[in-house]
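Structure first, commentary second.
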Amino acid sequence: MSELKTLISQLENIALNPGKSVAKSVKDTGKEPIGCFPIYTPEEIVYAAGYLPVGMWGGKTEIKQADKYLQSFCCSIMRSNIEYGMKGTYDGLKAVIIPTFCDTLKCVCENWKTAVPQVPVITVVYPQNRLLDAGYQYLVTEFNRIKDEIEKLKGEKISSKNMEKSFSIYENYREAMRSFVKVVKDYPITINTRTRHLIIKAAYFMDKKDYTDIIIQIVNELKNSSAENFNGIRVVATGLIGEPVELLNIFVENNIAVVADDFAQESRQFRVQARNKGTAIEKMAYRIVDQKGCTFLYEEVKTKGQMLIDMVKESKAQAVVVVMMKFCDPEEFDYPIIKEEIEKADIPMLYIETDMQMDSYEQIRTRVQSFAEMLG
Amino acid sequence: MENKITSKQMLGELLEKHYKSAIEAKANGKMVAWATSICPQELLETMDIDVVYPENHAAAIGARKCAPEFIEQSEGKGYSSDICSYARVNMGYADIQFSEAENIPMPDLLFCCSNICNTVIKWYENLAKNLGIPLIMFDMPFNHTYEVPEYSVKYMRSQIEYAIKKLEEITGKKFDFDNFAEVMKLSNETCEWWKKATDLAVNIPSPLKGFDMFNYMALIVCMRGKKEGKELYKLWYEELKEKSEKGIGPFRDQEEKYRVMWDGIACWPNLSVTYKTLKKYGINMVTSTYPESWNVRYETNDLDGMARAYSSNYANRNLEYDVQNVSKLVRDFKLDGIIYHSNRSCKLMDFRQYEVQRRVEEETGVPSVIFDGDQTDPRIFSEAQYETRIQALVEMMENNKKAGRDK
Amino acid sequence: MYLGIDIGSSSSKAALINENKELVATDLINMGTGTKGPDETISNVLRLAKISRENIAFTVATGYGRVTFSGADSQITEISCHAKGVSFMMKGVRTIIDIGGQDAKVIKVGNDGKVKNFVMNEKCAAGTGRFLEVMARVLGCKIDELSDLADKSTTDISISSVCTVFAESEVISRLASGAAIEDVARGAHLSIAKRIVGMCSRVGYEPVIAMTGGVALNSNIVKVLSNELESSVITAPHTQAAGAIGAALFAYEKGI
């Protein structure tokens, strides 16, 4: 068990100290880092080229310079990223990849070119009509274009062997994560909501191969002990990102455990299993085609509400928690739809609005505690 | 008895006809579609489907100060007050289905094109879910490069072909390509007259009062593919041309002292006060990004060209294009200043505005101001704040003029 | 005896319940968390009941100051406490509107007085008591004079700005252009009511609707809210102490 504790705290520390962790990963692997913005970026290509893909999901920082480009009603993750970029935090990055899943990302990408000229930007546009063959073809072309750009950066071609190898490292990572989230729901005391989030987040600052090894160990260690007897409240969480961490502390204080999630930063990254056929790039494109219930990928008939209801049943949860990143338009559009469906299914739901720069948690504490009292 | 109709009368009549005939069509069992403002309406027109435009309808509701009822309905269902107010008004309308301002029939089909924003994708996705009707989506990838890339054109062209197939399935009718060619030709002609009319504002004084453009705009959205639309803009062009030749300016009782561009959508609930404040200082809004927005031009039967034209909307272009586009307007229209509307509803326009403002100023030296407002939600705009900013702009423009005179 | 204490941002309230589950005393002091308000209101309520601290079997704290207050055996949120307190005093209540200084909440309650669902205002003073304070200041009146003023209103005025700061400047310019202060007062009430109605819709409100908190003493707001909701809103008895009473009832259940 003590081995397990060490592994867990190792990953927690990595997630809590992104700057240091990335520096260490760079040193340990000898790879140069490339920043990857939310929601999806073709990390496999970055990895295949011998770069270290690093997640860029914002952080808490005082917004001073970013106001030069973005109004106050802009998503706080993007304001943070521009702020960090302008103040030089990202100067060690070889480049950043910014996908444009929403109107804000389109603008952030365009602003980046001027605001952070020292870090080159590679843009990616994901097709929304991804179920049409033309959409899939477009994405394959787009990924190949990214590959060209990264090759130019590197000054050498990425061999198809390296592409395949990288893809299978990522598939192993995703498979390990699917098994991780499945197993940890039986250990909500050892892997509480905060720990669960931090462990998953650590992947963004490490070499995926090293990270996967630790996850597999954690899962095996956990399986050695019997399922934990948890008398708190089990919930399914959805939203862009389950942060800030202070919010998760409040969940832990109130004995609420996330037993399954639909966070863009967490399960949406790995819940889709790749198809068997095709080249690595084609399989990457198919993973986007096959994604369901993601706020940022168009569906002719929205499936998220029912998906969450099914998740509640499968994970034997009691409720749904919506963690809303303030000013995230796409998530804000989804909310009334899922709200109606979840209410119809008679599943209690808690709605919490957060942003990266939050520093007062009193109202949230009241909401979470009231919710726990209501269900308890 | 020669009683020639003016373009203003014609505009009023056509608008009334537009809404009335849609309601009649629905009553007679004809198929009705809701569509986004700069979508390839040619396809729907060819299929003889009646189309109404929720953005225009929301603007009409906003202009008649009827938006709060619908906004409250949407927010009551859980929509955040941060999202696009056109969407909030329209989704509220989809529930209430009646407004004293203007009514539209409920749709049988949704037709959405992402060349104006990704927000419409979410909005229409929700409508489709709530109404349980088919949705045809045109995804037009944002152009981070100056020009539209060819592989993007290919993707969009395929979507046009797919949409035709879908329309045939939904209507049970064959798509008539001869008719399609006619509609394409007509739509291009309407756009051409629209552009020619609005371009007359380059003259000094401008025969066009820019806020009129906000009104005339309604039909370049709604009747682009109809011959009445073309006639309207041709007539408008002729009137403006005559005015210009006679040297008549925009205001009857006042001179055109300053020429400005308005960036962004109008503040519909505050249309009158935003206009009057400008007029008070002799400011005429001579242009905006709108004339070019509906200058959707391509060769008849060239589907690639059609895709490229629709994807080339300025909202779908990179920052470099925005800067060049606005700077060109400054030069062509001999602008004295620019008013940027930081429109709480439209993140896509807002989050590029600061940088566009800086670079256009660098490139042209023309002063500008940004004010806070919203296209339909009356809770954002502050009259006092607006006037202070306009006054500050006037002072800057006057300094420039004075410096010019002193030279 | 069982003590409930509700420590808010600008006031502290206490209530005592006896062994027969009867309300014995309530008290209110206009000093909130971080002041001597909580201790004073406890002293007052003890004096009213003629008992001393040793006679208290169990204490429950609620309100924003509940977490930092050290003199309680347990702490429960004001959401649960308002539901508990109001259901104890009034039968058949299904929806509770509580407008406090910093927060507004709408709570849906079941037959048993338990919370079924709730919503709270977002991080913004619109729709809270703070908004009224600002309005009263601009109108140059006391906050408890707003109700009578608004009752005299003859013309509908809407204050459209959601932001308290903007609303303030909007009101100033309305007054400057000759609007009657009675109409502006009512306009401010309407503006709050509209925010609350939105929250009511989100929670899925049903009658009977009760209102608690200091703002419930403003009878004009209660009237305006009833109009907007098209359903009558009743001010709860001991309206400001409802949370403290609920806390005392929880103390009774836990202590017995």
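The values are calculated or read from the model by the stated rules, or taken from the named source; none is laboratory data. Please read these numbers as outputs of a predicted model, since none were measured by experiment. Cβ: placed from backbone, ideal geometry, glycine included. Neighbour counts: every protein chain shown.
Set side by side, the residues B:S99, B:S21, B:S37 differ, and just one is in a loop (DSSP other than H, G, I, E, B), closer than 30 Å to B:A181 by Cβ, away from every other protein chain (no Cβ under 11 Å) and polar (S, T, N, Q), which is B:S37. Of the numbered criteria (1) more than 9 Å from every other protein chain (Cβ to nearest Cβ); (2) crowded, with 24+ Cβ neighbours inside 10 Å, the one A:T89 fails is (2). Restricted to helices (runs of 4 or more DSSP H) entirely inside the stretch C:155-256, those with at least 2 residues that are under 17 Å from C:V106 (Cβ atoms) and either of a type outside the set (S, T, N, Q) or in the same structural domain as C:V115 (by TED's automatic domain parsing) (or both) are C:181-203, C:219-229, C:242-255.
Selection of first residues in the stretch A:123-145 that are assigned by TED's automatic domain parsing to the domain that holds A:D290 and of second residues that are buried (at least 19 other Cβ atoms within 10 Å of the Cβ) and modelled with pLDDT of 95 or more, restricted to Cβ pairs under 8 Å at least 6 apart or on distinct chains, gives an empty result.
From B:Y314, B:Y340, B:Y298, B:Y321, which residue is under 27 Å from C:F166 (Cα atoms), among the hydroxyl-bearing types (S, T, Y) and surrounded by fewer than 23 Cβ atoms within 10 Å (Cβ to Cβ)? Give the derivation first.
Working: B:Y314 fails: under 27 Å from C:F166 (Cα atoms); B:Y298 fails: under 27 Å from C:F166 (Cα atoms); B:Y321 fails: under 27 Å from C:F166 (Cα atoms).
Among B:Y314, B:Y340, B:Y298, B:Y321, only B:Y340 is under 27 Å from C:F166 (Cα atoms), among the hydroxyl-bearing types (S, T, Y) and surrounded by fewer than 23 Cβ atoms within 10 Å (Cβ to Cβ).
For the stretch C:125-142, filtered to residues that are within 14 Å of chain A (Cβ to nearest Cβ) and in a loop (DSSP other than H, G, I, E, B), the residue that is farthest from the chain's Cα centre (by Cα) is C:A125.
Between A:L198, A:L222, A:L240, the distinction of being farther than 27 Å from A:A23 by Cα and either in contact with an Asp or Glu (Cβ under 9 Å, 6 or more places away or on another chain) or aromatic (F, W, Y) (or both) belongs to A:L222 only. Taking the stretch B:40-52 as the range and being under 16 Å from B:L219 (Cβ atoms) and part of a loop (DSSP other than H, G, I, E, B) as the test, only B:Q41 passes. Counting the residues of the stretch C:68-98 that are under 19 Å from the mean Cα position of the chain (by Cα) and either in a helix (DSSP H, G or I) or not basic (K, R) (or both) gives 21. For the stretch B:141-227, the helices (runs of 4 or more DSSP H) that sit wholly inside it and include 2 or more residues that are surrounded by fewer than 17 Cβ atoms within 10 Å (Cβ to Cβ) are B:150-171, B:177-199. Candidates A:G305, A:G293: the one that is at positive phi and either in contact with a helix residue (DSSP H, G or I) (Cβ under 8 Å, 6 or more places away or on another chain) or not in a loop (DSSP other than H, G, I, E, B) (or both) is A:G293. Considering only residues that are out of contact with any Ser or Thr (no Cβ under 7 Å at 6 or more places or on another chain) and more than 8 Å from chain B (Cβ to nearest Cβ), look in the stretch A:325-344 and name the one that is surrounded by the fewest Cβ atoms within 10 Å (Cβ to Cβ). Restricting to residues being out of contact with any Ser or Thr (no Cβ under 7 Å at 6 or more places or on another chain) and more than 8 Å from chain B (Cβ to nearest Cβ), the top hit is A:K344. One residue is enough: does the stretch B:246-254 have a residue meeting the conditions under 20 Å from the mean Cα position of the chain (by Cα) and surrounded by fewer than 23 Cβ atoms within 10 Å (Cβ to Cβ)? The answer is no; no qualifying residue exists. Pairing each residue of the stretch B:26-47 that is on the phi < 0 side of the Ramachandran plot with any residue that is among the hydroxyl-bearing types (S, T, Y), provided the two are 6+ apart or on different chains, yields C-beta distances under 7 Å for B:M31/B:T171; B:A35/B:Y53; B:S37/B:Y53; B:I38/B:S293; B:I38/B:Y310; B:P40/B:Y310; B:E42/B:S187; B:M47/B:T171. Summed over the stretch B:312-343, residues that are out of contact with any Pro (no Cβ under 9 Å at 6 or more places or on another chain), among the small types (G, A, S) and assigned to a strand (DSSP E or B) total 1. Being surrounded by 19 or more Cβ atoms within 10 Å (Cβ to Cβ), in contact (Cβ under 8 Å) with a residue 40 or more places away in the chain and either touching a His at 6+ places or on another chain (Cβ under 6 Å) or not assigned by TED's automatic domain parsing to the domain that holds C:R137 (or both) is true of C:A150. Scanning the stretch A:56-78 for residues that are within 10 Å of chain B (Cβ to nearest Cβ), assigned to a helix (DSSP H, G or I) and crowded, with 24+ Cβ neighbours inside 10 Å returns a single hit, A:M78.
Close Cβ contacts (under 6 Å, 6 or more residues apart or on different chains) running from residues in the stretch B:75-91 that are among the aromatic types (F, W, Y) to residues that are surrounded by fewer than 24 Cβ atoms within 10 Å (Cβ to Cβ) and part of a helix (DSSP H, G or I) comprise B:Y79/A:P336. The residue list C:E145, C:E122 contains one member that is at the interface with chain A (Cβ under 10 Å from one of its Cβ atoms), free of Cβ contacts under 8 Å to residues at least 12 places away in the same chain, under 30 Å from B:E383 (Cβ atoms) and surrounded by fewer than 20 Cβ atoms within 10 Å (Cβ to Cβ), which is C:E122.
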